[in-house]
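The values are calculated or read from the model by the stated rules, or taken from the named source; none is laboratory data. Keep in mind it's a predicted model, so treat the numbers as computed, not measured. Neighbour counts are summed over all protein chains in view; Cβ atoms, including those assigned to glycine, are modelled from backbone coordinates with ideal geometry.
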């Protein structure tokens with residue numbers, strides 16, 4: 001059998017393995033490669049922070065505390081076990097302080113906790 005790989009091929013590959021990166025770059029330039037540093041990526045533009053339009057304010061989801069007093073809520077629902085304690089609405093049946101909002105009071109009554 002004839003040996004396909006002769007000594008000249010193996011010695012040549014050993015020399016190329018010993019070459020450093022600077023030798024490879026020089027070799028690529030010698031062969032006509034156009035090597036230059038890559039351009040920096042264009043970063044997205046700065047984002048503008050959202051602001052309220054002049055003279056306008058953002059709408060809120062609802063009032064945190066209605067203008068109606070807790071005593072008035074007690075008067076609206078006389079058949080329920082509500083009392084007014086320190087300006088807050090309290091359910092004596094379940095011993096909880098609840099919000100004075102009409103929807104919250106209705107949910108509490110429909111929950112069936114009040115007797």
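Brief remarks follow.
- Only residues that are surrounded by fewer than 15 Cβ atoms within 10 Å (Cβ to Cβ) and in contact with a strand residue (DSSP E or B) (Cβ under 8 Å, 6 or more places away or on another chain) were counted across the stretch 66-99, and they come to 8.
- For the stretch 14-39, the candidate set comprises residues that are assigned to a loop (DSSP other than H, G, I, E, B) and modelled with pLDDT under 75; within that set, the residue that is surrounded by the most Cβ atoms within 10 Å (Cβ to Cβ) is 19.
- Picking from residues in the stretch 100-115 that are in contact (Cβ under 8 Å) with a residue 24 or more places away in the chain and surrounded by 13 or more Cβ atoms within 10 Å (Cβ to Cβ), the one that is nearest to the chain's Cα centre (by Cα) is 101.
- The residue that is nearest to residue 112 (Cα to Cα), among those in the stretch 63-78 that are in a loop (DSSP other than H, G, I, E, B) and out of contact with any helix residue (DSSP H, G or I) (no Cβ under 9 Å at 6 or more places or on another chain), is 78.
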